[in-house]
């Protein structure tokens with residue numbers, strides 16, 4: 001697992017760099033149900049500023065939430081994935097300082113509120129890739 005592979009999965013959601021549970025599950029070779037089980041069994045480990053739940057029910061982790069999840073999922077095989085995830089968030093901060101991430105989120109919000117749609121007439125999702 002390379003840092004670039006992980007970085008390609010990081011999205012910006014409401015001005016925060018995040019990884020979706022489905023992406024984390026894929027990186028670790030787990031199911032989304034496995035991820036949900038870990039989160040729901042240890043809610044004290046995941047405060048609201050580390051993790052959120054989308055209306056569709058999927059968990060979304062910021063860097064700290066992904067780090068806490070990595071600690072709970074630790075085993076020899078998964079250490080490489082955990083390291084790649086942490087490096088990808090660091091790479092994102094170096095390439096796109098928080099102000100740039102926030103500006104991208106504002107542009108996306110303005111674009112949506114102006115009624116712009118994606119090809120096929122569908123509205124764009126709230127998240128964007130960096």
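The values are calculated or read from the model by the stated rules, or taken from the named source; none is laboratory data. These figures come from a predicted structure and were not determined experimentally. Reconstructed Cβ throughout: ideal geometry from the backbone, glycine too, with neighbour counts over all protein chains shown.
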(request) For segment 26-45, name all the residues that are in a helix (DSSP H, G or I) and within 16 Å of residue 67 (Cβ to Cβ). (result) 27, 28, 35, 38, 39, 44, 45
(request) For segment 50-61, name all the residues that are in a loop (DSSP other than H, G, I, E, B) and either modelled with pLDDT of 95 or more or crowded, with 18+ Cβ neighbours inside 10 Å (or both). (result) 50
(message) Suppose we filter segment 1-24 for residues that are under 11 Å from residue 59 (Cα atoms) and crowded, with 17+ Cβ neighbours inside 10 Å; how many remain?
(response) 6
(request) Residues being closer than 23 Å to residue 90 by Cβ and either in contact (Cβ under 8 Å) with a residue 40 or more places away in the chain or surrounded by 15 or more Cβ atoms within 10 Å (Cβ to Cβ) (or both): count how many of those fall in segment 30-49. (result) 3
(request) Collect the residues in segment 63-72 that are out of contact with any helix residue (DSSP H, G or I) (no Cβ under 6 Å at 6 or more places or on another chain) and either buried (at least 18 other Cβ atoms within 10 Å of the Cβ) or part of a strand (DSSP E or B) (or both), keeping them in residue-number order. (result) 65, 69
(message) I'm told residue 79 meets every condition in (1) more than 20 Å from residue 3 (Cα to Cα); (2) modelled with pLDDT of 70 or more; (3) more than 13 Å from the chain's Cα centre (by Cα); (4) surrounded by fewer than 14 Cβ atoms within 10 Å (Cβ to Cβ) except one. Can you identify the failing condition by its number?
(response) (1)
